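This is the structure, below, for whatever I ask next.
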Amino acid sequence: MLTLDLSFYNWDLFTNYILKGLLFSVQLTVFATIGGIAFGTGLALMRLSGKPALAYLATFYVNIMRSIPLVMVILWFFLLIPILIGKPIGADLSATITFIAFEAAFFSEIVRAGIQSVSRDQGYAAEALGMTYGQSMRFIVLPQAFRNMIPIFMTQTIILFQDTSLVYAIGAYDLLKGFEIAGKNYGRPIETYILAAVTYFLICFSLSKVVRKIQASVAIIR
């Protein structure tokens, strides 16, 4: 009969195995969010630029990335980048590059929808004041769009944090990997996987509560 024993879980186990993985997962989430939003904003502007060549390239990139499982992209980048540059870059850096490139496709769609949610009259008014397209976007449209997109950005970031567990495929030491190694060392793999699931749930559930509060405050501002 299978019995579960969680008494082995203590502070030493957390600091020796879990903390390192948690820090990497958080770091990867932060870098991928910032880089993904920056890259994704560029892709969104390319698609809305009115220039067919730029729009086609951005659309092609977004469609490709959104049509391929993330774990496959992680493996491709991990295997191909060292071949292209002629030297290994390590699992951590490879995972960071992959997540930025992959998440940019999703963030670009969020940004594009956010820009389109701003009334066109705003752009016309900026144009009447003598602003260029770039100035109109930077000072008028994007600030309003980003304010509207904050809750969606955070929701996507929560999903991103969950997806960081896929870096196990290339051996990166993330939160899930920390629990896995702890389970092997303590001889309690089932319990540690249960604890991993609980940890992911608590983190993501807490963040979702924050998103709801921010969403409510944004709605009040509107």
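Each value in this text was obtained by applying a stated rule to the coordinates, not by laboratory testing. None of the values given here were measured: they were computed from a predicted structure. All Cβ positions, glycine included, derive from the backbone under ideal geometry; neighbour counts span all protein chains shown.
With each pseudo-label sitting 7 Å past Cα toward Cβ, what's the ASP121-GLN27 distance in nm, one decimal?
For ASP121 paired with GLN27, the spin-label model returns 4.9 nm.
For the pair SER67/LEU202, report the inter-label distance in nm, with labels modelled 7 Å from Cα in the Cβ direction.
So the label points at SER67 and LEU202 sit 4.2 nm apart.
Let me ask something additional. For labels at ILE190 and THR59 in the simple 7 Å Cα→Cβ model, what's the distance in nm?
Distance between label points: 5.3 nm.
Next question. Calculate how steeply helix 52-66 sits against the longest principal axis of the alpha-carbon atoms of the chain, using the helix alpha-carbon long axis, and give the answer as 0 to 90 degrees to the nearest 10.
Approximately 20 degrees, to the nearest ten.
Right, here's the next one. Per-residue ellipticity at 222 nm for the chain, helices alone: DSSP H runs ≥ 4 residues times -39500 (n - 2.57), over residue total, nearest 500 deg cm²/dmol?
Details: 9 runs with 167 residues, N = 222.
Helix contribution divided over all residues of the chain: -25500 deg cm²/dmol.
Moving on to the next point. What are the ³J(HN,Hα) values, in whole Hz, obtained from phi via the Karplus relation 6.51 cos²θ - 1.76 cosθ + 1.60 with θ = phi - 60°, for each residue of segment 84-101 in sequence order, with x given for Gly and Pro?
After applying 6.51 cos²θ - 1.76 cosθ + 1.60, I find 5, 9, x, 7, x, 10, x, 5, 5, 5, 4, 5, 5, 4, 4, 5, 4, 5 Hz.
Using only Cα atoms and rounding to the nearest 10 degrees, what angle (0 to 90) does helix 189-221 make with the longest principal axis of the chain?
For helix 189-221, the angle is close to 20 degrees.
To the nearest 20 debye, what is the magnitude of the charge dipole of the chain about its Cα centre, counting +1 on the Cβ of each Lys and Arg and -1 on the Cβ of each Asp and Glu?
Working: 16 positive and 11 negative charges, 111 e Å.
About 540 debye.
For LEU79 and ALA113, what does the FRET efficiency come to when R0 = 25 Å and r is the distance between their Cβ atoms, rounded to the nearest 0.05? If you can, show how the numbers build up before the last one.
Details: r = 34 Å, r/R0 = 1.34.
Once rounded, the FRET efficiency stands at 0.15.
While we're on this one: Along the charge dipole of segment 26-173, Cβ charges K/R +1 and D/E -1, which of VAL30, ILE140, TYR61 sits furthest on the positive end?
ILE140
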